[in-house]
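To start, the structure under review is shown below, and the notes come after it.
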């Protein structure tokens with residue numbers, strides 16, 4: 001049976017229940033909670049290992065070496081095309097293969113170099129708004145990996161949605177391994193629908209894991225419904241080394257996401273509309 005939210009997200013597995021979750025034990029946030037008070041909370045969407053300075057530096061160095069190899073290969077193949085008389089067809093094919101792959105490696109190198117320490121998400125339960133701090137790295141693997149300019153790696157997008165329009169879906173992908181069996185990865189995707197419909201107009205990644213886990217989704221649902229008694233409030237662990245490119249919410253979004261009521265939200269919105277006029 002397909003998802004009721006259409007168009008269906010890729011690798012869909014199941015639609016998730018939206019509402020209060022009750023369990024005997026506290027609902028865990030998987031140590032993704034960056035901050036929480038009675039108005040709003042902020043959760044991390046950092047991939048496993050992305051917070052490690054050593055791992056990030058290793059990945060940056062590896063991709064930098066790959067970029068250097070590709071550039072050197074392009075120069076060598078061009079030299080062979082113009083100055084050697086044999087195997088021209090092979091050299092021309094090699095040139096185009098290197099040319100096609102070069103933007104991908106450059107994009108990954110610049111992305112790991114310039115992406116922020118985290119791409120958090122904020123939920124304001126007093127205003128019913130959700131704020132996404134997004135970087136392209138979260139969607140590597142989409143067609144945009146091949147069509148997007150690698151020099152837009154610094155680009156950050158911030159989106160605002162209504163919690164009432166957001167639904168949850170679980171997706172999963174299986175990859176066979178050489179020793180036999182498969183490795184499966186899971187993602188909680190949030191789809192944004194037109195108000196009071198199941199027509200999807202946008203979507204964003206909430207969490208990714210190697211095991212089937214609904215914890216973040218259950219925690220958020222209970223928090224937004226003011227059901228705090230069963231919530232684990234443990235904050236994500238502090239790290240000794242933090243990547244120098246920090247999360248920098250735009251001033252307007254930062255104030256809106258911290259509003260204590262819809263009246264305060266509309267007041268902030270009106271103030272910034274006057275400034276923009």
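Any read-out appearing in this document is the output of simple, stated calculations on the displayed coordinates, not a laboratory observation. Owing to the predicted nature of the structure, the values given are computational and were not obtained by experimental measurement. Neighbour counts run over all protein chains shown; Cβ positions are idealised from the backbone, glycine included.
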note = Residue-normalised 222 nm signal for the chain, counting each DSSP H run of n ≥ 4 as -39,500 (n - 2.57), nearest 500 deg cm²/dmol, is -11000 deg cm²/dmol
query = Running Debye on region 167-277 with equal point scatterers at the Cα sites and no solvent, what base-10 log of I(q)/I(0) appears at q = 0.18 Å⁻¹?
reply = -1.29
inquiry  = 7 Å from Cα along Cα→Cβ at both residue 35 and residue 179: what's the point-to-point distance in nm?
reply    = 4.3
request  = Report, largest value first, the span of the C-alpha coordinates of region 1-95 along each principal axis, in whole Å.
outcome  = 75, 41, 24
inquiry  = Need one number: nm distance between label points at residue 269 and residue 62, each 7 Å from Cα along Cα→Cβ, rounded to one decimal.
reply    = 4.5
task = Rounded to whole Å and ordered largest first, report the semi-axes of the equivalent ellipsoid of the chain derived from its Cα gyration tensor (root of 5λ).
result = 40, 23, 19
key: Gained length - residue 93 relative to residue 229, 0.36 nm times residue gap less alpha-carbon distance   = 42.6 nm
query = What is the spread of the Cα atoms of region 54-114 along each of their three principal axes, largest first, in whole Å?
reply = 46, 15, 13
